[in-house]
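Asker: Got a structure here, written out as C-alpha cells. Questions coming.
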Amino acid sequence: MNSEIEKSDDSPSFLLWQVLNLWQKNMRQALQAVELTHVQFILLIATDWLNRQCEQGDVTQAQIASYAHVEPMLASQVLRSLEKKGLLTRKEHSTDTRAKSIVLTEEGKQLASQAFLIAQQVDHSFIAKLGQEETDFIRLMKVLGTE
C-alpha cells in the first residue's frame with residue numbers, strides 16, 4: 001500500500017468507516033420496527049445463542065459481553081434495559097455466587113427470532129451488491145476481525 005493516499009476514496013479505513021456507517025443506518029432503521037437498538041439486538045441474539053449452547057442455562061453477563069465483543073459496562077446497561085422490557089431475566093448462578101445467569105423470557109425469544117429475520121434481510125440486501133464476491137468478502141472480514 002502506498003504511504004500516501006491521493007484521495008479519501010482510496011483510504012481503506014475511510015471506506016470501511018463509510019460502509020460500516022451505511023450498514024448501521026440500514027440496520028437501525030429496520031430494527032425500529034421491533035423497537036430495538038442495534039446493540040440491544042446483538043445482546044439479545046448473543047444471549048439466546050449462548051443459552052442454546054449451555055445445557056445448564058448458566059450464561060453470565062460477562063460471557064455475553066465477551067461473545068458479542070461489547071464492553072462489559074455497556075453490556076450491563078443494555079441487559080438491564082432488556083430486563084426492564086421483560087425480554088430477559090436474571091437468576092442466581094449455579095456455581096458463581098457473584099454472577100447472575102441471564103435467560104430470555106418467552107417474549108424475548110420471540111422478539112429475538114423476529115429481529116433476527118429482520119437483520120438477515122438487511123444483511124442480504126446490503127451484501128447482495130457483492131454478487132459472487134460475497135464469499136471473498138466474508139473471508140476477508142474474518143481475517144480483519146482476528147487479533
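Asker: Among 109-118, 11-20, 59-68, how do they line up by average Cβ neighbours within 10 Å per residue, starting with the highest?
Answerer: With the highest mean Cβ count within 10 Å placed first, the list reads 59-68, 109-118, 11-20.
Asker: Also, I was wondering about something else. By how many nm would the segment from R52 to S66 grow when fully extended, if each residue of separation counts as 0.36 nm and the alpha-carbon distance is taken off? Intermediate values should be presented prior to the final figure.
Answerer: On the way: separation 14, 0.36 × 14 = 5.04 nm, distance 1.65 nm.
Between R52 and S66, full extension yields 3.4 nm more.
Asker: Mind counting lysine pairs for me in region 33-147? Cα separation below 20 Å, and the two need to be 8 or more apart along the chain or on different chains.
Answerer: Lysine pair count for region 33-147: 8.
Asker: Continuing with the same structure: Identify, among L117, N26, W49, the residue whose Cα sits farthest towards the positive end of the charge dipole of region 25-120, taking +1 on the Cβ of Lys and Arg and -1 on the Cβ of Asp and Glu, with the dipole about the Cα centre.
Answerer: Sorting the options by dipole projection puts first N26.
Asker: Right, another one. If you take the beta carbon distance between F116 and V143 as r and set R0 to 41 Å, what does 1/(1 + (r/R0)^6) give as a FRET efficiency, to the nearest 0.05?
Answerer: With R0 = 41 Å, the Cβ-Cβ based efficiency is 0.95.
Asker: Can you compute the helix-only [θ] at 222 nm over the chain? Use -39500 (n - 2.57) per DSSP H run of at least 4 residues, normalise by all residues, nearest 500 deg cm²/dmol.
Answerer: Per the formula, -20000 deg cm²/dmol.
Asker: With +1 on each Lys and Arg Cβ and -1 on each Asp and Glu Cβ, how big is the dipole of region 25-120 about its Cα centre, in debye rounded to the nearest 20?
Answerer: Once rounded to the nearest 20, the dipole reads 260 debye.
Asker: Out of these labelled values of Rg/Rh (Cα atoms, Kirkwood Rh), (i) 1.00; (ii) 1.02; (iii) 1.05, which was calculated from the coordinates shown here?
Answerer: Label (iii) holds the value from this structure.
Laboratory data are not the source of any read-out in this text; all were calculated from the coordinates shown. Nothing here was measured: the structure is a model prediction, and the numbers come from that model. Every residue, glycine among them, receives a Cβ derived from its backbone with ideal geometry; neighbour counts consider all protein chains shown.
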